[in-house]
Every structure is written in structure tokens, then in C-alpha cells.
Amino acid sequence: MPIDCVIDFGEVNPCDPMNMLAYNAEHRSYLYGQEEIRAKCSGNLNEYVQLYFLCKSNKKAAKLGNKLMDQYETVLDFFEKAPIELTTNPQNIEDLTAVTDAICKMYNTLQDDKVKASKSAFGKRLRSSMDRIFRRIIPRISSNEMELGDFGVEFNKTFRAIGEHYNYFPKSKVPATSPVPDAELPMMQGQ
């Protein structure tokens with residue numbers, strides 16, 4: 001069915017490796033330090049955009065991609081403009097997570113040496129949306145981390161991991177653990 005008739009959103013779920021492009025296999029999860037965070041997906045039209053670009057059908061890719069971005073930008077508008085108590089609802093955050101992942105996957109494809117289209121008008125639109133997400137929307141929601149408690153910590157961790165995974169942010173330096181020196185530990189009575 002054409003995108004004009006179907007909104008490419010359904011229930012947000014962890015990305016299913018059996019139903020995603022092998023090209024995207026490395027994007028099934030992200031690392032935050034040593035912790036693995038599974039990617040979220042909602043719909044798969046972004047993969048059709050990626051396939052068009054990989055097949056050198058750049059005009060078709062950009063046409064479909066721009067229609068898809070029109071939909072994604074309505075989600076970004078919500079997170080940028082809605083009251084904070086609505087934007088911090090965990091079910092709503094899943095939509096932002098899935099849209100962010102889809103946008104980043106498409107942009108990642110445009111950076112591929114086989115495609116080299118990140119400087120195209122569509123590439124600039126994707127990059128602008130990534131800037132909007134990571135520089136405006138995430139900080140807006142994160143500014144309420146104290147009220148969000150554990151959810152706020154998870155939210156920040158997830159979006160930091162996505163940003164690092166897709167090279168939007170530099171990789172965090174994980175502190176190296178130093179080996180424990182051979183020292184005699186004091187014995188407890190009876191040992």
C-alpha cells in the first residue's frame with residue numbers, strides 16, 4: 001500500500017532480527033558502557049528507503065524518504081511542543097526511540113561508501129532531524145530527570161547509547177578497571 005494511505009507506525013517493539021534487513025544487523029542493539037540496549041522499531045518503510053539508496057535509485061529513495069520524514073516530523077513536533085508530562089510517558093518515549101533509530105539508520109546508509117549521499121537534500125533533512133532530536137528534544141525531556149527518577153536515568157542512557165552507536169556523539173570512555181594487587185586480606189575470626 002502506498003505511504004499516502006498507510007501511516008508506518010504500529011506497536012513499538014524491539015527490532016526483530018528475523019524481520020529486518022541483514023544490512024541493519026549491527027543496529028539491533030546499542031552499547032552503553034558494557035550494557036546492551038535493544039533497538040526499538042515501528043514499521044519498516046525506512047528500510048525501503050535504505051534499499052532504494054543501496055540500489056542507486058536515489059530519486060525514489062528521496063521521494064519515499066521525504067514522505068516518511070513528514071510523518072516522523074509529526075512525532076518530533078509532539079515531543080518538542082507537548083506538555084512535558086505527556087512527552088515523558090514511557091509509552092510515548094518508545095515512539096521517539098523508534099523514530100530516532102529509523103532516522104539514524106537512514107542517515108547511516110547515506111554515509112555508506114556505496115551510497116555517499118549524506119550531503120544530498122534528503123541527507124541534510126535527516127541530519128537536521130538528528131540535531132533536533134539530540135540537541136533540542138532530548139535536553140528538553142532530560143531537564144526533568146530529577147522528577148523522572150529511574151525512568152529519566154534510563155531515558156538518558158538509551159538516547160546517549162543511540163547517539164554514540166550512530167556516531168552522533170563520540171564514544172564514552174569506559175573507565176578501565178585496574179587489577180586488584182596481590183594483597184593478603186585480613187581473615188575473619190574462625191577462618
I want the local charge near residue 24. Using Cβ-Cβ distances under 12 Å, sum +1 for each Lys or Arg and -1 for each Asp or Glu among the other residues. -3
Integer Hz, Karplus 6.51/-1.76/1.60 couplings in order for the range 50-67, x for Gly and Pro: 4, 4, 4, 5, 5, 8, 6, 9, 5, 5, 5, 4, 5, 5, 5, x, 5, 5
Find out how many positive minus negative residues lie around residue 132, taking Lys and Arg as positive, Asp and Glu as negative, among other residues whose Cβ is under 13 Å from that of residue 132. +3
May I ask for the net charge around residue 33, where only other residues with Cβ less than 11 Å from the Cβ of residue 33 are counted and Lys, Arg are +1 while Asp, Glu are -1? +1
Cα gyration tensor, the range 13-165 - rounded (a/c under 1.5), prolate or oblate: prolate
Name the long-range amide H neighbours of residue 32: under 5 Å, sequence gap of 5 or more, or other chain; modelled H, no Pro or chain starts. 37
Given backbone amide H placed at 1.01 Å from N, residues whose amide H is under 5 Å from that of residue 15, ignoring those fewer than 5 places away on the same chain, are 39, 40, 41
Net charge dipole size for the range 16-70 [Lys, Arg +1 and Asp, Glu -1 on Cβ; Debye, nearest 20]: 420
Ordered by residue, what ³J(HN,Hα) values in Hz, to whole numbers, does the range 16-22 give under the Karplus form 6.51 cos²θ - 1.76 cosθ + 1.60, where θ = phi - 60° and Gly and Pro are x? 8, x, 7, 10, 10, 4, 4
For the range 111-128, Karplus-derived ³J(HN,Hα) couplings (6.51, -1.76, 1.60; θ = phi - 60°; whole Hz; x for glycine and proline) come out as 7, 4, 4, 6, 10, 6, 10, 5, 8, 5, 4, 5, x, 5, 5, 4, 4, 4
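Every number in this text was worked out from the coordinates using simple rules, so none of it is lab data. Owing to the predicted nature of the structure, the values given are computational and were not obtained by experimental measurement. Please note: Cβ atoms are built from the backbone with ideal geometry, for glycine as well, and neighbour counts cover all protein chains shown.
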